[in-house]
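Taking it in order: structure first as structure tokens, then the write-up.
The values are calculated or read from the model by the stated rules, or taken from the named source; none is laboratory data. Note that the structure is predicted; figures quoted are calculated from it, not measured. Positions of Cβ are generated from backbone atoms using ideal geometry, with glycine treated the same way; all protein chains shown enter the neighbour counts. Ligands, DNA and RNA are excluded from the accessible area calculation, which covers all protein heavy atoms including side chains. Shrake-Rupley method; radii C 1.70, N 1.55, O 1.52, S 1.80 Å.
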Amino acid sequence: MKKNVLLLLLVLTSLSLFSQNTTFKNPVIRGDMADPSLIRIDDTYYATATSSEWAPHYPMFESKDLVNWTQIGHVFNKKPEWTSHSFWAPELFYHNNKIYCYYTARRKSDNVSYIGVATANSPYEEFTDHGLLVEYGTEAIDAFVYGDNGQLYISWKAYGLDDRPIEIIASKLSDDGLRLIGEPFTLLKDDEGIAMEGQYHFKHGDYYYIIYSPFGCCGPHSDYAVSVARSKNIEGPYEKHEHNPILQGNHLDFVSCGHGTGVTTPDGRLFYLCHAYLTGEGFYGGRQPILLEIGMSQDEWPFFITGRTALIEQPMPFPNTSQKDFPGFNDSFDSKELKMEWTWNFPFAEVKTQTKKGKLLLSGTPKENNQYGSALCLRPQAPNYSYEVLLLNTPNNTKGLTLYGDNENLIIWGVTDNRLQLRMIKDNKETITYDTACKEAKVYLKIEVEKGCMLRFSVSNNGKKWTRIHDTPHNMEYLVRWDRVARPGLIHIGESNHPAIYDDFILKNY
């Protein structure tokens, strides 16, 4: 009997391991990371994505298996000289033993979005910017670079702000990838009026293919999808697939999906990394990177091997691989450098941080029309999580936890002038929903997030026994911005010579 029980346990364990190793679940990178770009160098994959109004700019990740990713830095720690904000759609390219990043940002002289280029000798170092590359029309965004028979090309989205159909435009590039050559030419035109952007080019057999995204990219009503066109000539004309889109959401797993890049594995398979909004409470994680495999049909059209509907569960790309959990984040501030996962609201405040004797000193200088200081935040990785911190009750400032949409839409759970307050800011109008005396030298604060936007607030004098201030959770869904979601973190309001002092920040995913 014991032998039979032992055998059964071994079988069940083997089946469990087999199941874990044959599939993975999207997203493969958790958190708001729209418009992902993907390359392979030898046996390692690298990815980056839109950072929008958060610094540092364009987080960089690496992976050995396309499923488990680790952040290794950023493309830029400081914004390039010609730019102001709106850091969108970076595209990585490996050429002549250099890493290139073709990126979209607003030019600071007129706030028009154009395309710049930067290079690095390694994905582990900060990139050197080479300035503006594509200055075309009233907007040029979503660069993609590719080669054919020794000639480099760059394509981009044009006319998105004009009263005319959107086009995918291309131009030849110099061999160093830093200059346009010749006159731009049209590859695709949006003659259906459904939008067109986020293009990815590849060649297979006799055809050149453009995978692109139609429809609306952002927000709860997004209907983003993936379509394809092909041509036997790299400059066109391109025919669109009669059964477009070839990938879309279905409101079961994902609301929408699109704008990605493909990569070929050493054995010749093609994988596509794009972003998607999860349905339901998962929506509050933002546009998160998902991975799907592309196959080719007998009539030489690409298709997604798990179907035209984007699915959470996918076949594992490589054997003997298990997907790791996303446990959360903590920072005891023992290192001289701030952990790379932290981000800050650079258009609204200059942020100053210093770690000293296991403490974080946070301050900053707000920019014009910002009365709510400096926020230091993280990308949320799950719809249900909590975050807490120990703060020192220093005078002449506001300090505490925040859930931050932008400088006019945020919540503050913190201490000001020996008053513990819950402050709700919506469209720059503030409501204080909790206010009590707080003269303790040290205060532990916690925010619990349920379903992505339902918040509960707690306080403690020892970090172990917590007291909730309200029985009913607060709905904070209004913090979602059109192209990004709210981020949890820390805040400072006050003069830069009176920093907020924090210890032991902990975020737990559930």
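Test Thr261 against the stated conditions and say whether it is open to solvent by 30 Å² or more (accessible area, probe 1.4 Å) and under 19 Å from the mean Cα position of the chain (by Cα).
It is false that Thr261 is open to solvent by 30 Å² or more (accessible area, probe 1.4 Å) and under 19 Å from the mean Cα position of the chain (by Cα).
Can you tell me which residue is farthest from Leu420 (Cα to Cα) among those in the range 441-477 that are over 27 Å from the mean Cα position of the chain (by Cα) and among the β-branched types (Val, Ile, Thr)?
Ranking the candidates gives Thr472 first.
Condition check: more than 24 Å from Ile469 (Cβ to Cβ) and either of a type in the set (D, E, K, R) or in contact with a strand residue (DSSP E or B) (Cβ under 8 Å, 6 or more places away or on another chain) (or both). Does Trp413 satisfy that? Before you say what the answer is, go through the steps one by one.
Values: more than 24 Å from Ile469 (Cβ to Cβ): no; either of a type in the set (D, E, K, R) or in contact with a strand residue (DSSP E or B) (Cβ under 8 Å, 6 or more places away or on another chain) (or both): yes.
No.
What are the residues in the range 465-491 that are over 19 Å from Trp342 (Cα atoms), basic (Lys, Arg) and modelled with pLDDT of 95 or more, if any?
Answer for the range 465-491, where residues must be over 19 Å from Trp342 (Cα atoms), basic (Lys, Arg) and modelled with pLDDT of 95 or more: Lys465, Arg468.
Which residue, of Ala143, Ala170, is in a strand (DSSP E or B), open to solvent by less than 10 Å² (accessible area, probe 1.4 Å), closer than 22 Å to Tyr46 by Cβ and out of contact with any helix residue (DSSP H, G or I) (no Cβ under 9 Å at 6 or more places or on another chain)?
Ala143
Scan the range 333-369 for residues that are surrounded by 15 or more Cβ atoms within 10 Å (Cβ to Cβ) and over 17 Å from Ala55 (Cα atoms) and jot them down.
Phe333, Thr355, Lys359, Leu360, Leu361
Would the range 470-489 turn up any residue that is surrounded by fewer than 20 Cβ atoms within 10 Å (Cβ to Cβ), hydrophobic (A, V, I, L, M, F, W, C) and closer than 14 Å to Leu391 by Cβ?
No; the residues of the range 470-489 include none that is surrounded by fewer than 20 Cβ atoms within 10 Å (Cβ to Cβ), hydrophobic (A, V, I, L, M, F, W, C) and closer than 14 Å to Leu391 by Cβ.
Could you run through the range 300-309 and say how many residues are hydrophobic (A, V, I, L, M, F, W, C) and open to solvent by 40 Å² or more (accessible area, probe 1.4 Å)?
Of the residues in that region, 2 qualify.
Suppose we keep only residues that are in a loop (DSSP other than H, G, I, E, B) and under 21 Å from the mean Cα position of the chain (by Cα) within the range 363-382. Which one would you say is nearest to Asp331 (Cα to Cα)?
Among those that are in a loop (DSSP other than H, G, I, E, B) and under 21 Å from the mean Cα position of the chain (by Cα), it is Leu378.
Matching residues to (1) small (Gly, Ala, Ser); (2) surrounded by 15 or more Cβ atoms within 10 Å (Cβ to Cβ):
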site: Gln298; (1), (2): no, no
site: Pro317; (1), (2): no, yes
site: Ser322; (1), (2): yes, no
site: Asp325; (1), (2): no, no
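I'd like to know if the range 82-98 contains one or more residues that are closer than 28 Å to Phe202 by Cα, open to solvent by less than 10 Å² (accessible area, probe 1.4 Å) and of a type in the set (Val, Ile, Thr).
No, every residue in the range 82-98 fails to be closer than 28 Å to Phe202 by Cα, open to solvent by less than 10 Å² (accessible area, probe 1.4 Å) and of a type in the set (Val, Ile, Thr).
Residue by residue through the range 39-60, note down the ones that are out of contact with any Lys or Arg (no Cβ under 7 Å at 6 or more places or on another chain), within 13 Å of Val263 (Cβ to Cβ) and open to solvent by 10 Å² or more (accessible area, probe 1.4 Å).
Listed by number, the residues that qualify are Ile39, Arg40, Ile41, Asp42, Tyr46.
Just to be sure I understand, how many residues within the range 173-197 are part of a strand (DSSP E or B) and of a type in the set (S, T, N, Q)?
Our first condition is that a residue be part of a strand (DSSP E or B); within the range 173-197, this holds for 173, 180-189, 197.
When the remaining residues are screened for being of a type in the set (S, T, N, Q), the result is 186.
Adding up the residues that qualify gives 1.
Give me a count of the residues in the range 173-193 that are out of contact with any strand residue (DSSP E or B) (no Cβ under 6 Å at 6 or more places or on another chain), open to solvent by 50 Å² or more (accessible area, probe 1.4 Å) and within 23 Å of Val228 (Cβ to Cβ).
Selection size over the range 173-193: 3.
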